C-alpha cells in the first residue's frame, strides 16, 4: 500500500530510522554497505514493512526506457527510498543522487543513511523532493 500523505511519509521515515538505529546498535560502524543494506532489509521485513532491495531504476529517454544500471538500495512500502552508505562523510553528489532517484521514481521522500558513524542519528539525512498536501 503506497503512503500518500505527508504525515504517513513522516511516520514511515521515523519507523525506518528506528529500524536502522537497531541495526547500527547491533553491528556498529566499519562494515560494507551491502551488510547494512541486507540487515536493514531483514529488520524492516521483521517489522511488517514491504521492502524491495536493489530495485532496478530505468531512465526514460525520449519515451524509451533505457536500462542504465541504476539501482536503489531499498524501497520501503512502495513510498520511501533508502540509500545506504558506509563512507567517511556525505558529499553533495550523494544528495543529488537521491534527488534524481526520487524524481525518476515519482517519490517525495528519501533517506540517505551513512552507517560509518559513531551514532547513526549523525548519519541520517532526509531528502525531500516535494511533499503532497
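Readers should treat all values here as calculations from the given coordinates under stated rules, not as data from a laboratory. This structure is a prediction, so every number in the text was calculated from the model and none was measured. Positions of Cβ are backbone-derived with ideal geometry, glycine not excepted, and every protein chain shown enters the neighbour counts.
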- Message: With angles folded into 0 to 90 degrees, how steeply does helix 6-27 sit against the dominant principal axis of the chain? Use alpha carbons for both and round to 10.
- Response: 40 degrees
- Query: Tell me, how many Å apart are the Cα centres for the range 92-133 and for the range 27-72?
  - Reply: 13 Å
- Using the alpha-carbon atoms, what tilt in degrees (0 to 90, nearest 10) does helix 92-105 show relative to the longest principal axis of the chain? 50 degrees
- Message: Compute the helix-to-body angle for 33-46: its Cα long axis versus the longest principal axis of the chain, expressed 0 to 90° and rounded to tens.
- Response: 90 degrees
- Once you've got the GNM for the chain with C-alpha springs shorter than 10 Å, pick whichever of 61, 101, 36 has the biggest mean-square fluctuation. 61
- Query: Among 92, 11, which comes first, second and so on when ranked by fewest other beta-carbon atoms within 10 Å?
  - Reply: 92, 11
- In whole Å, largest first, the alpha carbons of the chain cover along the principal axes 45, 29, 24
- Note on the structure: Once normalised by the length of the chain, the mean sequence separation of its alpha carbon contacts under 8 Å that are 6 or more apart gives a contact order in percent of 25 percent
